[in-house]
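Colleague: So that we are looking at the same thing, I have put the structure below in structure tokens.
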Amino acid sequence: MAPAQTFDMTGKLALVTGGGTGLGRQFAITLARAGATVILGARRVEPLQETATAIRERGGTAHCIALDVADAAAVHAAFKAIDDIGALDVIVNNAGSAVAGSLLDFTDEDWDRLMDVNVKGAWHVARAAVKQMIARGRGGAIINVASVLGSAVQKGTGNYPASKAALLHLTRTMAVEWARYGVRVNALAPGYFRTEMSDGYVSSEGGKAMMQRMPMRRLGEPTELDGALLLLASQASSYMTGSVIAVDGGLSLPMI
């Protein structure tokens, strides 16, 4: 296949959780630009509608559904609505939560909410999607959005690194169990990108020190994840499963 055809998503249906803001918004726009019909899911519907409008203005097709990934009943209801739209080909498990602070200061509620969204939520969505794929006799691609903090630690980030490490290992387990159904499961591990979520940290003293340790000495732009996303979503990665792609400006490289 020609390179353009390899990454072509025409005729594919993709679900992006947390698709209204930040990296999720960019993921949705990128998939739509490549030809996919995109379903945007999140708890807050208004940002989804804004992203859907941006996609439609570019000539793409987008749908919005209310979706709290941490709530199994809400995920079940959302997938009933998705059934009416079509058969999913791609899942981007992007919905995530972060709570800064010392582990000593973390509350049980902080811990549970973050784990429920970042780990259990990804499992809820992937499980529902794969059941649909199996029932319809078709495979698909699942992309779990993890973090470089899944393989490294940073003080002051609470249990966020633990949740992303769990997501990376969950990705590998999904890959092993679901390959027989033609489902590929891979992960993206972004570093620090220019989004609303990162703005506060990178302007702090700790953030500035981190930037000095980063080989490329700058934040990533959300568009710099487009290539890795399309690789994992398209047939370009037809022989990849259980892989983790770090896109982080070299931040996770071991250095002496």
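Colleague: Report whether or not ALA228 is under 15 Å from the mean Cα position of the chain (by Cα), closer than 28 Å to ARG33 by Cβ and in a strand (DSSP E or B).
Modeller: No: the conditions fail for ALA228.
Colleague: In the range 21-44, how many are at pLDDT 95 or above, over 15 Å from VAL90 (Cα atoms) and not basic (Lys, Arg)?
Modeller: Residues meeting the conditions: 3.
Colleague: Pairs only if they're at least six apart or on different chains, beta carbon under 8 angstrom, first in the range 243-255 and in contact (Cβ under 8 Å) with a residue 60 or more places away in the chain, second assigned to a loop (DSSP other than H, G, I, E, B) and among the aromatic types (Phe, Trp, Tyr); list them, first residue then second.
Modeller: From residues that are in contact (Cβ under 8 Å) with a residue 60 or more places away in the chain, the pairs are ASP248/TYR192; LEU251/TYR192.
Colleague: Can you find, within the range 99-121, the residue that is surrounded by the fewest Cβ atoms within 10 Å (Cβ to Cβ) among those that are touching a helix residue (DSSP H, G or I) at 6+ places or on another chain (Cβ under 6 Å) and closer than 28 Å to GLU177 by Cβ?
Modeller: MET115
Colleague: Sort through ALA152, ALA189 and tell me the only one that's out of contact with any helix residue (DSSP H, G or I) (no Cβ under 6 Å at 6 or more places or on another chain) and either farther than 24 Å from ASP110 by Cα or outside any helix (DSSP H, G or I) (or both).
Modeller: Testing whether each residue is out of contact with any helix residue (DSSP H, G or I) (no Cβ under 6 Å at 6 or more places or on another chain) and either farther than 24 Å from ASP110 by Cα or outside any helix (DSSP H, G or I) (or both) leaves just ALA152.
Colleague: Out of the residues in the range 122-149 that are in a helix (DSSP H, G or I), small (Gly, Ala, Ser) and within 19 Å of the chain's Cα centre (by Cα), state the one that is nearest to LEU225 (Cα to Cα).
Modeller: ALA122
Colleague: Take the residues in the range 188-239 that are in contact (Cβ under 8 Å) with a residue 24 or more places away in the chain and among the acidic types (Asp, Glu), then tell me which one is farthest from GLY101 (Cα to Cα).
Modeller: The extreme case among them is ASP226.
Colleague: Has the range 235-244 got at least one residue that is in contact with a strand residue (DSSP E or B) (Cβ under 8 Å, 6 or more places away or on another chain) and among the hydrophobic types (A, V, I, L, M, F, W, C)?
Modeller: yes
Colleague: Also, I was wondering about something else. Could you check the range 1-108 for helices (runs of 4 or more DSSP H) lying wholly inside it with 1 or more residues that are without any contact (Cβ under 8 Å) to a residue 24 or more places away in the chain?
Modeller: Once the helices (runs of 4 or more DSSP H) in the range 1-108 are filtered for at least 1 residues that are without any contact (Cβ under 8 Å) to a residue 24 or more places away in the chain, what remains is 3-6, 45-57, 72-85.
The values are calculated or read from the model by the stated rules, or taken from the named source; none is laboratory data. What you see is a predicted model; the values in this text were computed from it and never measured. Note: ideal-geometry Cβ built from the backbone for every residue, glycine included; neighbour counts use all protein chains shown.
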